[in-house]
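Chemist: Shown below is the structure under consideration.
The values are calculated or read from the model by the stated rules, or taken from the named source; none is laboratory data. Remember, it's a predicted structure, so these values are computed and weren't measured experimentally. With ideal geometry, Cβ positions are generated from the backbone for all residues, glycine too; neighbour counts draw on all protein chains shown.
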Amino acid sequence: MAVPLMSPQEERNHVTFTALMRALSHPGREQRLPDTGLAAFVAIGDALVDLETSYYTPHDALAAALVRTGARFLSPLQARYQFYPQLHDQHLDHLRVAPTGDYVAPEDSATLVVGCVIGSGPAVELRGPGIRSAIEVRIDGLPAAFWSLRAGTLRYPLGWDVFLVAGDRVIGLPRTTRVEMIE
Amino acid sequence: MTLAELARPAQDYSYAFLDEFAKREVRRRILKAIAIPGHQVPYASRELPIARGWGTGGLQVTLSIAGPHDIVKVIDQGADDSVNAVNLRRFIARMTGVATTSDAQLATIIQSRHRITEERLREGQVLVLQVPDPEPLRAVEPNISLAREMHADADYALMWLGLYEQVVRFGTFMTGASYPVVVHQRYLMSPSPIPRWDTPMLHQAAHLTLLSAGREKRLYAVPPYTDVRPIEFEDVFFQVENQQGRICEQSGAVNKFMNEIPQPDGSMCYQASDTGYVEKLVRRARGEPVAIGATYYDDDGTFYHPGYLKEQEPDHR
């Protein structure tokens, strides 16, 4: 019997998932996605989203691309996977109401995939599971209020988990990560 | 575009046996499990050609994360060569094309039933533990709905009471395998029925641990560098199994977790339970070049995180 082979799409999903799993296991460390730009968001959507779950994105082209997955398009209040290639100030209202799970099922919470610039801009120091002591990263292209909004929304174990995407690079920011702004 | 271009070549099975929907669901759950260390995430637990209770939980996780470039080690109670481990390893290799090994240093994915390797795992390696019963509260609260509410409230009072009763009645903690731990100062977690000897290995580990119970349809995770503390009192401490004075008859290893083998004359002889490690020690003794990694416990029985295991003074009662 021949060993079954991955289709090109399955391989892309596997590479994407592996990057996401490593990103979440080591918050703040960059991982490589198989695609760049908007295609990186599509790759994450293909790897995670299907007709058993739901998504939201304010980006029309991305919404059209994710229709193929068969997932339901829901409001930011309900959608489990939310994609923001560019996070503008008006989207912060979406993040404020995004599902954070409940105490019995904290996993029923949103996963946010957010575009940004990695390596420039304000420095933040990350601590928590997956980080040996602390790691410093520079993140730009996010609204100034993003970090305070995250801190305000997060009541561990409730909260949403974030993947920060820049080009073909991704950084994981699970709810366990404590973020401190460095002046 | 022709039909031939759209159609995939016929295959007997999907890659990694599970179809893409099944894998995607397990993958979504794995990511949430990593984000909430120690919290049991429900998942669908698909049918496999292996009965539930025989490692299907670990198997589904391994099949969902493995790619053709991975190197997989499968162990059962420390042994690479037991029937269960051999069958799971052969199935994984046939369905994913991964290479297999018995060397913990070479493996990228280690699926294990009830043991962690003696050699320290490193960053990037994934330990997949098979879990028969994911609920650490089962002994004190058999109703799973109530147990989930207790996890939600972080109400582990009954657990502490049980621990106290053990000390009162027996003078020591009587829990052997699957000694409950608190992960990231929040969730009480069953580390799967690993011996107490292995429990400290999860604390601030470099590797990612994924635990999965196929029959109970729950999976959970311990990310790298995460606090994992066995429950203990301020004055009565968690202790690992005493391996002092036991020498592995095959390799001469000391202060490793030993299997006791009864002898016809009523005495005991000992063999280190981690067969991959024993194999490497034996090869080194023969003069073969072999790379043996640092172990969690050194030959004096000292754990590699100083101060994590506390010496119990004999008159604590």
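Chemist: For the structure I just gave you, tell me whether B:LEU137 is among the aliphatic types (A, V, I, L, M), farther than 19 Å from B:ILE30 by Cβ and in a helix (DSSP H, G or I).
Modeler: Criteria not met by B:LEU137.
Chemist: Hey, can you tell me all the residues within segment B:219-235 that are within 20 Å of B:PRO134 (Cβ to Cβ) and more than 11 Å from chain A (Cβ to nearest Cβ)?
Modeler: Step one: list which residues in segment B:219-235 are within 20 Å of B:PRO134 (Cβ to Cβ), which gives B:219-223, B:226-231.
Within segment B:219-235, B:ARG229, B:PRO230, B:ILE231 meet the criteria.
Chemist: Find the residue count for segment A:19-40, including only residues that are within 11 Å of another protein chain (Cβ to nearest Cβ) and either surrounded by fewer than 20 Cβ atoms within 10 Å (Cβ to Cβ) or of a type in the set (Lys, Arg) (or both).
Modeler: Total satisfying the criteria: 2.
Chemist: Taking segment A:55-77 as the region of interest, how many residues are touching a helix residue (DSSP H, G or I) at 6+ places or on another chain (Cβ under 9 Å) and surrounded by fewer than 18 Cβ atoms within 10 Å (Cβ to Cβ)? Reasoning before the result, please.
Modeler: Residues of segment A:55-77 that are touching a helix residue (DSSP H, G or I) at 6+ places or on another chain (Cβ under 9 Å), as a first pass: A:55-59, A:61-62, A:65-66, A:68-69, A:71, A:73, A:75-77.
Narrowing the set further to residues that are surrounded by fewer than 18 Cβ atoms within 10 Å (Cβ to Cβ) leaves A:58-59, A:61, A:68, A:73, A:75, A:77.
Going through segment A:55-77 one residue at a time, the tally reaches 7.
Chemist: I would also like to ask the following. Given the residues B:THR96, B:THR172, which is the only one that is more than 28 Å from A:LEU20 (Cα to Cα) and in contact with a helix residue (DSSP H, G or I) (Cβ under 8 Å, 6 or more places away or on another chain)?
Modeler: B:THR172
Chemist: Does B:GLY162 qualify as being assigned to a helix (DSSP H, G or I), touching a residue at least 12 places away in the same chain (Cβ under 8 Å) and not β-branched (Val, Ile, Thr)? Working first, answer last.
Modeler: On the way: assigned to a helix (DSSP H, G or I): yes; touching a residue at least 12 places away in the same chain (Cβ under 8 Å): yes; not β-branched (Val, Ile, Thr): yes.
Taking the combined requirement at face value, the residue satisfies it.
Chemist: In addition: Conditions: (1) more than 21 Å from B:GLY38 (Cα to Cα); (2) buried (at least 19 other Cβ atoms within 10 Å of the Cβ); (3) modelled with pLDDT of 95 or more. B:LEU106 meets all but one. Number of the miss?
Modeler: Every listed condition holds for B:LEU106 apart from (2).
Chemist: Okay, moving on. Return yes or no: is B:THR302 under 27 Å from B:GLN239 (Cβ atoms), of a type outside the set (Asp, Glu) and in contact with a strand residue (DSSP E or B) (Cβ under 6 Å, 6 or more places away or on another chain)? I'd like the intermediate steps shown before the answer.
Modeler: Numbers: under 27 Å from B:GLN239 (Cβ atoms): yes; of a type outside the set (Asp, Glu): yes; in contact with a strand residue (DSSP E or B) (Cβ under 6 Å, 6 or more places away or on another chain): no.
Answer is no for this residue.
Chemist: How about segment B:120-134: which of its residues are part of a loop (DSSP other than H, G, I, E, B) and of a type in the set (S, T, N, Q)?
Modeler: So the first thing to find is which residues in segment B:120-134 are part of a loop (DSSP other than H, G, I, E, B), and the list is B:120-125, B:131-134.
Matches in segment B:120-134: B:GLN125 only.
Chemist: Test A:LEU66 against the stated conditions and say whether it is in a helix (DSSP H, G or I), touching a Gly at 6+ places or on another chain (Cβ under 8 Å) and of a type outside the set (Gly, Ala, Ser).
Modeler: Yes, satisfied.
Chemist: If you go through segment B:69-87 one residue at a time, how many are touching a Ser or Thr at 6+ places or on another chain (Cβ under 8 Å) and under 21 Å from B:PRO49 (Cα atoms)?
Modeler: 7
Chemist: Take B:ARG90 and decide whether it is more than 18 Å from the chain's Cα centre (by Cα), part of a helix (DSSP H, G or I) and either of a type outside the set (Lys, Arg) or within 22 Å of B:PHE21 (Cβ to Cβ) (or both).
Modeler: no
Chemist: Only residues that are more than 25 Å from B:ARG196 (Cα to Cα) and either surrounded by fewer than 19 Cβ atoms within 10 Å (Cβ to Cβ) or more than 14 Å from chain A (Cβ to nearest Cβ) (or both): list them for segment B:68-87, please.
Modeler: Listed by number, the residues that qualify are B:PRO68, B:HIS69, B:ILE71, B:VAL86, B:ASN87.
Chemist: Something else: If I ask for residues that are under 19 Å from B:PRO195 (Cβ atoms) and either among the basic types (Lys, Arg) or surrounded by 11 or more Cβ atoms within 10 Å (Cβ to Cβ) (or both), which ones from segment B:230-246 would you list? Can you show your working first?
Modeler: Keep residues of segment B:230-246 that are under 19 Å from B:PRO195 (Cβ atoms), which gives B:230-232, B:237-246.
Those that are under 19 Å from B:PRO195 (Cβ atoms) and either among the basic types (Lys, Arg) or surrounded by 11 or more Cβ atoms within 10 Å (Cβ to Cβ) (or both): B:PRO230, B:ILE231, B:GLU232, B:PHE237, B:PHE238, B:GLN239, B:VAL240, B:GLU241, B:GLN243, B:ARG246.
Chemist: So, in segment A:164-183, how many residues would count as being part of a loop (DSSP other than H, G, I, E, B) and of a type in the set (Val, Ile, Thr)? First the steps, then the outcome.
Modeler: So the first thing to find is which residues in segment A:164-183 are part of a loop (DSSP other than H, G, I, E, B), and the list is A:167-168, A:174-177, A:182-183.
Narrowing the set further to residues that are of a type in the set (Val, Ile, Thr) leaves A:176-177, A:182.
So the answer is 3.
Chemist: Can you tell me how many residues within segment B:262-317 are in contact with an Asp or Glu (Cβ under 9 Å, 6 or more places away or on another chain), outside any helix (DSSP H, G or I) and aromatic (Phe, Trp, Tyr)?
Modeler: The total comes to 4.
Chemist: Also: For B:GLU249, all conditions in the list (1) more than 29 Å from B:ILE30 (Cβ to Cβ); (2) buried (at least 16 other Cβ atoms within 10 Å of the Cβ); (3) among the charged types (D, E, K, R) hold save one; what is the number of the exception?
Modeler: (2)
Chemist: Let me ask something else about it. Could you please give the count of residues in segment A:77-98 that are within 14 Å of the chain's Cα centre (by Cα), part of a loop (DSSP other than H, G, I, E, B) and not small (Gly, Ala, Ser)?
Modeler: Selection size over segment A:77-98: 4.
Chemist: Can you confirm whether A:ALA145 is closer than 19 Å to B:ARG186 by Cα and away from every other protein chain (no Cβ under 12 Å)?
Modeler: Judged against the criteria, A:ALA145 is not a match.
Chemist: So, one more: Suppose we filter B:GLN111, B:GLN166 for residues that are buried (at least 21 other Cβ atoms within 10 Å of the Cβ) and within 20 Å of B:TRP197 (Cα to Cα); which single one remains?
Modeler: That would be B:GLN111, the only listed residue that is buried (at least 21 other Cβ atoms within 10 Å of the Cβ) and within 20 Å of B:TRP197 (Cα to Cα).
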